[in-house]
Every structure is written in structure tokens, then in C-alpha cells.
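Inspection log for the structure reproduced underneath, given as C-alpha cells.
The values are calculated or read from the model by the stated rules, or taken from the named source; none is laboratory data. Every value quoted in this text rests on a predicted model; they were computed, and no experiment measured them. Methodologically, a virtual Cβ is constructed for each residue, glycine included, from the backbone with ideal geometry; neighbour enumeration extends over all protein chains shown. Remember, those area values only see protein heavy atoms, side chains included, never the ligands or the DNA or RNA. Shrake-Rupley method; radii C 1.70, N 1.55, O 1.52, S 1.80 Å.
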Amino acid sequence: MRKSVKMYMYLFLLLCIVGVGLPARQAQAAEGEPVLKEIEANGADSLVFSAELSESWGEINIYRAEADPAAGGQWQLADSFDSYGNTWSSNGGYWQTTGKKEKMTCVAEDSAMEGEVYFIDSGLELGKTYYYRISIENFDDEVLYSNVVSGETMLSTPEILKGYAASNTSAKLSWQKVSKAQKYIIYRKSGKKWVKVKTLKKAKTYTDKGLKSGKTYSYKIRALHKSGGRKSYSAYSSVIRISTKTPKVKGNYKSGSVYGPSLSTSKLLEVRRVVQSFKDNYISKEMSDYEKVLSAFNFIRANCGYAWRGWQYNNANTAWGALVYGEAQCSGFARGMKALCDGIGVPCYYVHANSRASNPSHQWNFVKVGGKWYVLDAQSGVFLVSGKTFQNSFGMRWNTKGLPSVSKTDHPKGGFAASVMGE
């Protein structure tokens, strides 16, 4: 089951997004010697590797070879860092500094460059294997060398942002573009075998037509770059399932719905299909209400941008604008969030500001998590905060009649993903 994207600390945002986790700490091969461990592609032109460093003195040098040194490849000094005295910047509890040659970046738990650290090497050639080792100088003026690790640069894995039945005989996919990708290859499975259905140049959406009604199809994507006769492929995306069955997800899909009072029956059906697909792919019975709401919050923010032209264009003030067209203003975000929460069984209200608010036209949601009601404003990146926090931070006010009392404290995992309050 696909899981929602969660807010991690800075290092995770920097590294895990490209598939690099924090590996378990390992013992040194010998006292004082640096140890290189995990190495992974960090996009089309970058590699990241972890190192275990003991206390050193002087420079930490990173050597790189473009061919296997065991077969005659030559080591070159890629970059170097002082063990102490680097210009560090702090972000999210981690420290970051750039090497003397400004070719590499180091991310560490503190600015002493001890323990587990990460090095990011950028500006590399796509589809090429590189070899690394590190040297450090200890307090006895000994130069100690690490083991050798190698890794190949490759395209980032495409991320399918949304997939749903556009009709009872078609499916629509949208994905995040991959840097340096020239083509995207779409694969489909309706039985046991994957088949290639389309290759697209620099696209980010695809509608697969001619499907059978009442069936479930699986899709995945990978990116391709070709240069000088050499093909470089990304890994396959996660699989998304799309059903052409009539959607059954719960919600208000009648004329005059809170999801958009002016929406036609056909547009409400499209909203329902998106909500059904979201539930099928991102929600499981084992998830808590917090996890479900976080998944919905991240889904709508990943798939919907702010409608700068105005609320009157492309139904930007409805759930259709937010969930189907992919552009909305605050009302569309709030109505879309309401549709998602209704579909996954999380209590949710659509809330409108009153005349005493700093922006009387603003709209958002109240959601119930863990027995308490919190403010959620997907457009503004406000997640599970108290009424007091929302009032103090944005000057929002609302009429309380017909609405539940909001928690006086923020959710332990609530906060702000962004603070962009539109009209």
C-alpha cells in the first residue's frame, strides 16, 4: 500500500527523497580509519555516500576515480574539508558545509565532522560509475585511508502524483518531471503481465483510452535519457491501481454539493473518481486518522497549485478545480479536502471566514483527529493547529454556530508546511 509523504528532518528531505536512508552505524574497520558505507544516486548528476569518521586533525580529503582503481583507474582529489573551522550552516538540526573546491557538500549531525556524515558529489555525468575513498589525518600525523565504494549516476525515479479513471473506459496519469529525462515509458498490467503502452517525450500526463469498463488496471512509469548511443533508465515508479468500476466512495455527490454548488453531475463524478483512486492507493485499514489526514493533505498539495488567474476560471473555487484540474484557490482547496476526508471516513467541516477576519473571503477545514478538532488549511500549509494558533498567525475569525469547538492546543505533530495565504 502506498504511504503518504511525511515531513522529515532536513537530512531526510535532502537525502531520503532520492532513496537514501540513514543506515545503521557500523564499527570501524580499524581504530581511527574512516569507513565508507552506503552510496546512492542522487539524481541524474549527483551521488551521495555516507562515511563513519573518527576524530581527526587537519584535512579530510575525498578522492574520486572515473574507472575502477583496481583495474588502473586514477584517483583524483575531488574536494577537501577542514576537520574544524568549516563555514557551516544549520538547518533542521543538521549541519551543512561546502568543500574547499565547492564541488561537494557535507551534511553532518554537528560541525566537528565526527561520527556519521554524508557527502554529496554533484556535476557528474549521467549513467557513469564513480569510485570514492577518503583520507584523514589523525593527531599522530598519520594519514589513514578508507575502503573504496562505487556508485552509478542515474535518473531519479518518476513519482506518479495522481492516477484515476477519467471515464469508464479511460485512465489518466500525472507525474512529476524528472531532471534530464527525455522520454517517459508507461507500463500497464491488467492480468499477470506488464506491457508497454506508450513512450512520451518530455510529458507529465497521459490518458490511456480504450480500456474495459469494470476492470482494475495497474500502471508504472520509468524515465529514459539517451546520449551517444547509450541509454540510461530510471528505476520504475511505484505502482498505482486505477479501477474503471463505478466509484462507490462515500460523499455528497448530488447537485448543490459542498464540493461545488455549481458543479454539474459529470464534474462531481470526476471528483468522485479521483477520491476513489486516492482511497484505493493511499489509504489502508491499518492507518490511524492522523495518517489518513496527513496523506490527504500531502496529496492535495502535491497535485494542486494556486489559481492565480482567479477563482472564476476552471472551477478554481470547487473540489473539481483542486482534485481534477489541479488549480484552485482557498475555497477549492477546502472543498477538495472535504471530499477526500469524506471519502476516507475522517470527520471534516468546510469553514468560511467571517467579516472580522483579516481575509473575510478565506476558507479552510476543521478535521477530527484523535478525538479532537483541529484547523487544517491545505492551501496555506496549515496542518492540525489549534484555533488560537490559526487566529494569532493569520488573523482568521469564523462564526462558531453549527461548528465544533476547536482544540486549544496544536496537535503534537501539527504545524506549518508553508505560509502563503492567498485571496
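Is it the case, given these coordinates, that G151 is touching a residue at least 60 places away in the same chain (Cβ under 8 Å), under 24 Å from the mean Cα position of the chain (by Cα), part of a loop (DSSP other than H, G, I, E, B) and surrounded by fewer than 21 Cβ atoms within 10 Å (Cβ to Cβ)? Answer is no for this residue. Checked against the criterion of being under 16 Å from Y131 (Cβ atoms), among the aromatic types (F, W, Y) and in contact (Cβ under 8 Å) with a residue 12 or more places away in the chain, the candidates Y63, Y84 yield just one match: Y63. Tally the residues that are assigned to a loop (DSSP other than H, G, I, E, B) and either open to solvent by 90 Å² or more (accessible area, probe 1.4 Å) or under 30 Å from H225 (Cα atoms) (or both), restricting the search to the stretch 235-260. Summing the residues that are assigned to a loop (DSSP other than H, G, I, E, B) and either open to solvent by 90 Å² or more (accessible area, probe 1.4 Å) or under 30 Å from H225 (Cα atoms) (or both) in the stretch 235-260 gives 11. Note on the stretch 341-415: enclosed strands (runs of 3 or more DSSP E) holding 2 or more residues that are over 25 Å from K250 (Cβ atoms) and open to solvent by less than 40 Å² (accessible area, probe 1.4 Å) are 382-385. Scanning the stretch 309-340 for residues that are aromatic (F, W, Y), part of a helix (DSSP H, G or I) and open to solvent by 20 Å² or more (accessible area, probe 1.4 Å) gives W320, Y325. Only one of the numbered conditions (1) more than 21 Å from R188 (Cα to Cα); (2) in contact with a Leu (Cβ under 8 Å, 6 or more places away or on another chain); (3) open to solvent by less than 20 Å² (accessible area, probe 1.4 Å) is not met by L263, and that is (2).
Looking only at the stretch 281-336, residues that are among the aliphatic types (A, V, I, L, M), farther than 18 Å from Y164 by Cβ and touching a Cys at 6+ places or on another chain (Cβ under 9 Å) come to 1 in all. Counting the residues of the stretch 162-182 that are under 23 Å from G326 (Cβ atoms), surrounded by fewer than 18 Cβ atoms within 10 Å (Cβ to Cβ) and more than 21 Å from the chain's Cα centre (by Cα) gives 4. Would you be able to say whether some residue in the stretch 173-193 is in a loop (DSSP other than H, G, I, E, B) and within 26 Å of W311 (Cα to Cα)? Scanning the stretch 173-193 turns up at least one residue that is in a loop (DSSP other than H, G, I, E, B) and within 26 Å of W311 (Cα to Cα).
Within the stretch 28-56, the set of residues being open to solvent by less than 10 Å² (accessible area, probe 1.4 Å), in a strand (DSSP E or B) and modelled with pLDDT under 90 comprises just one member, L53. Annotation note: Cβ proximity below 7 Å between a residue of the stretch 157-178 that is closer than 10 Å to S237 by Cβ and touching a residue at least 24 places away in the same chain (Cβ under 8 Å) and a residue that is among the acidic types (D, E) and part of a loop (DSSP other than H, G, I, E, B) (sequence gap 6+ or interchain) occurs for W175/E159; Q176/E159. Residue count for the stretch 279-308, restricted to those that are over 24 Å from I344 (Cα atoms), touching a residue at least 12 places away in the same chain (Cβ under 8 Å) and either surrounded by fewer than 21 Cβ atoms within 10 Å (Cβ to Cβ) or in contact with a His (Cβ under 6 Å, 6 or more places away or on another chain) (or both): 1.
Determine if the stretch 128-136 includes at least one residue that is surrounded by 13 or more Cβ atoms within 10 Å (Cβ to Cβ), within 25 Å of the chain's Cα centre (by Cα) and within 30 Å of G229 (Cα to Cα). There is no residue in the stretch 128-136 that is surrounded by 13 or more Cβ atoms within 10 Å (Cβ to Cβ), within 25 Å of the chain's Cα centre (by Cα) and within 30 Å of G229 (Cα to Cα).
For the stretch 206-226, which positions are within 17 Å of Y184 (Cα to Cα) and open to solvent by 70 Å² or more (accessible area, probe 1.4 Å)? Answer for the stretch 206-226, where residues must be within 17 Å of Y184 (Cα to Cα) and open to solvent by 70 Å² or more (accessible area, probe 1.4 Å): just K226. All of (1) closer than 22 Å to E40 by Cβ; (2) of a type in the set (S, T, Y); (3) open to solvent by 50 Å² or more (accessible area, probe 1.4 Å) hold for Y94 with one exception: (3).
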